[in-house]
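Colleague: Dropping a structure here in structure tokens format, bear with me for questions.
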Amino acid sequence: MRLKNIPGSREVIADSCFVIHDPEEYRGKWKNLFGNDYPLHIEIGMGKGKFIMGMAELHPDVNYVGIEKYSSVLLRAIQKMEEVELPNVKFIRMDAEDLTKVFGRGEAGRIYLNFSDPWPKDRHAKRRLPSRQFLGRYDEILEKDGRVEFKTDNRKLFEFALGELEPAGWRLEEKTFDLHGDERLMQGNVMTEYEERFSSAGNPICKYIISR
Ligand code: SAM
């Protein structure tokens with residue numbers, strides 16, 4: 001998702017108390033920022049924030065950090081937060097390639113990837129968020145029993161993601177090619193913007209949950 005450049009978005013982000021502007025300073029200390037001992041869950045590529053804010057409302061005893069690369073998209077999430085103000089959500093504008101500079105070893109309990117960009121060219125495979133290169137970064141920041149949860153309607157990307165697990169040393173806990181047809185895995189499901197759009201167009205949604 002890359003919205004047209006919106007004039008003023010950088011200034012709004014710079015002034016927003018919902019955005020962490022110096023995230024590297026909190027490496028290993030995110031509990032201090034939130035002021036509690038709740039687990040830390042991260043969404044990478046959160047888009048306009050519908051999923052992470054829905055999760056935060058449902059789980060007030062979890063701290064959520066949403067990461068988004070583009071200011072024009074993050075701006076939409078900030079605007080939503082101005083309406084609901086959830087104490088357990090913070091945003092960072094950054095490229096997820098720098099994850100390990102921002103989160104300490106074993107600091108996160110869960111990582112969510114939702115409808116990640118497919119990067120269809122082979123030479124861009126390492127930019128895909130479920131690639132083995134990214135799995136290596138997740139391995140560093142996730143606690144021992146940590147999980148990655150990935151949803152997409154892109155079957156080719158999902159097949160690629162499944163193929164990355166073994167070489168990267170990860171294990172499948174759950175897998176479905178039709179999340180919305182799976183009553184058990186749908187329990188507690190919070191839809192993302194893309195999920196709403198694609199599932200209402202009739203596309204099946206794939207999901208995995210992995211651990212190592
Ligand atoms: N997760 C949302 C959803 O399901 O509705 C948005 C999906 S959109 C296709 C993917 C989002 O991930 C975009 O907003 C894009 O800017 C962001 N993104 C892609 N690569 C990223 C990266 N390396 N670091 C941070 N954000 C990234």
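Colleague: Given the conditions (1) within 16 Å of the ligand (Cβ to nearest atom); (2) assigned to a helix (DSSP H, G or I); (3) farther than 21 Å from residue 116 by Cβ, and given that residue 11 satisfies all but one, which numbered condition is not satisfied?
Modeller: Of (1) within 16 Å of the ligand (Cβ to nearest atom); (2) assigned to a helix (DSSP H, G or I); (3) farther than 21 Å from residue 116 by Cβ, only one is false for residue 11: (1).
Colleague: Hey, could you check region 81-102 for residues that are among the charged types (D, E, K, R) and buried (at least 18 other Cβ atoms within 10 Å of the Cβ) and say which is nearest to residue 11 (Cα to Cα)? Give the steps one after another, and end with the answer.
Modeller: At the first step, the residues of region 81-102 found to be among the charged types (D, E, K, R) are 82-83, 85, 90, 93, 95, 97-98, 101.
Going one step further and asking which of them are buried (at least 18 other Cβ atoms within 10 Å of the Cβ), we end up with 90, 93.
Details: 90: 17, 93: 13 Å.
This residue is 93.
Colleague: On to the next question. Being closer than 24 Å to residue 154 by Cα and either free of Cβ contacts under 8 Å to residues at least 12 places away in the same chain or within 12 Å of the ligand (Cβ to nearest atom) (or both) is the requirement here; does residue 37 meet it? Show your work before the answer.
Modeller: On the way: closer than 24 Å to residue 154 by Cα: no; either free of Cβ contacts under 8 Å to residues at least 12 places away in the same chain or within 12 Å of the ligand (Cβ to nearest atom) (or both): yes.
No.
Colleague: Look at residue 46 and say whether it is within 14 Å of the chain's Cα centre (by Cα), assigned to a loop (DSSP other than H, G, I, E, B) and modelled with pLDDT of 95 or more. Reasoning before the result, please.
Modeller: On the way: within 14 Å of the chain's Cα centre (by Cα): yes; assigned to a loop (DSSP other than H, G, I, E, B): yes; modelled with pLDDT of 95 or more: yes.
When the stated conditions are applied, residue 46 passes them.
Colleague: Also, I was wondering about something else. When only residues in region 179-203 that are over 20 Å from the mean Cα position of the chain (by Cα) and not basic (Lys, Arg) count, which is most open to solvent (accessible area, probe 1.4 Å)?
Modeller: Quick first cut of region 179-203, residues over 20 Å from the mean Cα position of the chain (by Cα) only: 181-184, 200-203.
The next check asks that each one be not basic (Lys, Arg); those that pass are 181-183, 200-203.
Numbers: 181: 61, 182: 39, 183: 157, 200: 99, 201: 74, 202: 59, 203: 54 Å².
So, considering only residues that are over 20 Å from the mean Cα position of the chain (by Cα) and not basic (Lys, Arg), the one most open to solvent (accessible area, probe 1.4 Å) is 183.
Colleague: Picking from 52, 42, which residue would you name as being among the hydrophobic types (A, V, I, L, M, F, W, C), closer than 16 Å to residue 193 by Cβ and either open to solvent by 30 Å² or more (accessible area, probe 1.4 Å) or touching a residue at least 24 places away in the same chain (Cβ under 8 Å) (or both)? Let's see the steps before the verdict.
Modeller: Working: 42 fails: closer than 16 Å to residue 193 by Cβ.
From the options 52, 42, the qualifying one is 52.
Colleague: Any chance region 167-177 includes a residue that's more than 27 Å from residue 141 (Cα to Cα) and not small (Gly, Ala, Ser)?
Modeller: Yes, the conditions are met somewhere in region 167-177.
Colleague: Here's a follow-up. So, in region 134-144, exactly how many residues are more than 11 Å from the ligand (Cβ to nearest atom) and either open to solvent by 10 Å² or more (accessible area, probe 1.4 Å) or over 16 Å from the mean Cα position of the chain (by Cα) (or both)?
Modeller: We begin by selecting, within region 134-144, every residue more than 11 Å from the ligand (Cβ to nearest atom); these are 135-136, 138-144.
Filter once more, so that each one left must be either open to solvent by 10 Å² or more (accessible area, probe 1.4 Å) or over 16 Å from the mean Cα position of the chain (by Cα) (or both): 136, 139-140, 143-144.
Going through region 134-144 one residue at a time, the tally reaches 5.
The values are calculated or read from the model by the stated rules, or taken from the named source; none is laboratory data. The structure presented is a predicted model; accordingly, all values stated were derived computationally and were not measured. Counting neighbours? That spans all protein chains shown, and the Cβs are built from the backbone with ideal geometry, glycine included. For the accessible areas, the whole protein counts, side chains as well, though only heavy atoms, and no ligand, DNA or RNA atoms are used. Shrake-Rupley method; radii C 1.70, N 1.55, O 1.52, S 1.80 Å.
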